[in-house]
1. So how many Å³ per residue does the convex hull of the Cα atoms of region 163-277 work out to?
2. Any chance you could give the angle, 0 to 90 degrees and rounded to 10, that helix 225-244 forms with the longest Cα principal axis of the chain?
3. If you build the Cα gyration tensor of region 1-142 and take the root of 5 times each eigenvalue, what three semi-axes come out, in whole angstrom, biggest first?
4. Quick one: angle between helix 170-180 and the longest Cα principal axis of the chain, in degrees between 0 and 90, rounded to 10, please.
5. Calculate how steeply helix 281-291 sits against the longest principal axis of the alpha-carbon atoms of the chain, using the helix alpha-carbon long axis, and give the answer as 0 to 90 degrees to the nearest 10.
6. When a/c is below 1.5 the answer is rounded, else prolate if a/b is larger than b/c, else oblate, so apply that to region 239-385 with a ≥ b ≥ c taken from the square roots of the Cα gyration tensor eigenvalues.
7. As I understand it, the dipole of the chain uses +1 on the Cβ of Lys and Arg and -1 on the Cβ of Asp and Glu, about the Cα centre. Which of GLN299, ALA269, LEU190 lies farthest toward its positive end?
8. Give me the accessible area per residue for region 18-64, probe 1.4 Å, as a whole number in Å².
Amino acid sequence: MHSLIQEIDRIRTERRYGRVSGVRGLLVEVSGIGQHISIGSRLEVETRSYRRVPIEIIGFRHDTALAMPYGVLEGVGVGCKATVTQSDPMVCPSNAWLGRVVNALGEPIDGKGPIRSGTRPKLLRSGPPPAHNRQRVGEKVDLGVRALNTFISCCRGQRMGIFAGSGVGKSVLLSMVARHSEADVSVIGLIGERGREVQEFIEDDLGPDGLARSVVVVATSDESALMRRQAAYLTMTLAEYFRDGGAEVMCLMDSVTRFAMAQREIGLAGGEPPTSKGYTPTVFTELPRLLERAGPGPQGAGNITGLFTVLVEGDDHNEPVADAVRGILDGHIVMERSIAERGRYPAINILKSISRTMPRCNTDAENVLVREAKRFMSTFSDMEEMIRLGAYRMGSNPEVDAAVAYNPYLEEFLGQWKDDRTPIDEGYARLREILEAGPAAEVLAQFDQMAGQG
């Protein structure tokens with residue numbers, strides 16, 4: 001009843017409206033109302049066939065407001081009525097949203113009926129908490145994936161990027177984290193995804209148990225740029241709602257690149273100048289505004305641990321969006337096509353990936369294990385081409401010989417089926433078993449002796 005009363009209170013007693021004065025591509029020009037609206041305001045245009053199309057103001061040109069639609073513009077023409085609906089777009093989430101699938105406007109699309117709204121409206125485009133009010137990142141969080149838990153440890157409140165080209169396995173890795181991670185709530189944003197994959201992700205990858213503690217926000221690739229951008233904002237807003245309630249939140253977004261592409265479309269339509277690869281300046285303004293909303297919460301609140309996929313165009317890990325996101329986040333997970341092509345999944349390149357909370361979040365013993373394993377991986381990587389061509393002769397270099405001996409066991413360790421879950425402690429135990437079976441055993445024995453003396 002309280003929610004209903006609040007909804008009634010938000011009903012406007014007066015309606016302000018203008019008229020469509022022009023349509024160019026996806027840009028709608030609205031006249032006669034510019035002094036009553038601002039950037040981000042929402043309007044509804046009534047088409048010739050009396051269908052209502054929601055639009056959002058993205059800019060102004062003299063006295064004319066420039067808007068883009070959330071739906072298709074068929075039936076919209078000069079003179080159509082454009083009525084103001086919201087000045088500051090908000091959403092009213094509640095715990096009833098758990099287990100539900102919604103679109104970018106917060107409307108349920110899972111066929112389970114309406115969702116009960118909360119009592120506290122939240123702005124969709126709010127800013128991140130002030131830096132001086134934030135907690136520090138917490139202890140390690142168990143992601144359930146051996147390669148991540150062991151070599152690229154993630155802490156509560158940390159933000160990580162998953163960088164890969166198309167078809168290398170970003171979405172599958174994200175689904176493994178969604179299913180296996182230790183978190184009170186998961187908020188999953190599927191931004192610009194293929195429509196076919198949405199149901200597969202929900203039913204096969206997430207499963208009933210995973211969905212029960214999750215909210216899934218969906219905006220498929222065929223939807224408008226505003227819907228794709230809005231889905232990213234709604235994902236972060238829902239994560240903030242559960243964080244403010246004291247929950248440990250896992251925020252998964254696939255993908256940040258499609259958010260950037262949507263912002264590029266909006267910027268170009270509004271008349272912004274294109275810069276690197278056609279991306280407009282607002283893309284690089286909005287990326288940190290979005291990603292900084294994840295992270296440790298204020299004192300007394302929970303944390304948002306964020307994993308964001310980045311689609312690198314042409315497998316170029318230095319393209320503009322990837323480069324910008326890598327500088328914002330607290331670590332990056334690099335996936336490579338060459339690793340996937342030889343059948344090892346997840347196709348993570350451990351040597352090119354980094355977590356900015358390591359080695360501080362590990363114990364000394366864990367750091368020794370990781371350092372020794374990486375040393376063998378690095379040695380094998382340096383000599384890999386010669387080894388595969390048969391140009392290296394065994395016995396020429398003891399360190400390379402050891403790296404060759406360890407490689408198949410380390411490769412097997414890094415590979416993992418998507419239904420398999422490995423806790424943090426088990427991952428380190430298995431890595432120690434591998435290293436104790438060869439030359440690294442001497443190093444580990446020396447460390448154990450030093451630890452005992454200390």
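The values are calculated or read from the model by the stated rules, or taken from the named source; none is laboratory data. Keep in mind it's a predicted model, so treat the numbers as computed, not measured. A quick note on method: Cβ atoms are made from the backbone with ideal geometry, for glycine too, and the neighbour counts reach across all protein chains shown. Surface areas here come from the heavy atoms of the whole protein model, side chains and all, with no ligands, DNA or RNA. Shrake-Rupley method; radii C 1.70, N 1.55, O 1.52, S 1.80 Å.
1. On the way: hull volume 13.0 nm³, N = 115.
Enclosed volume per residue, from the Cα hull, is 113 Å³.
2. Computed tilt is about 70 degrees.
3. Numbers: eigenvalues 213, 81, 53 Å².
Ellipsoid half-lengths, sorted descending, are 33, 20, 16 Å.
4. Rounded to the nearest ten degrees, it is 80.
5. Approximately 70 degrees, to the nearest 10.
6. Oblate shape, in that a/c is at least 1.5 and b/c is the bigger or equal ratio.
7. Farthest towards the positive pole: ALA269.
8. Numbers: 2510 Å² over 47 residues.
Result: 53 Å² of accessible area for each residue.
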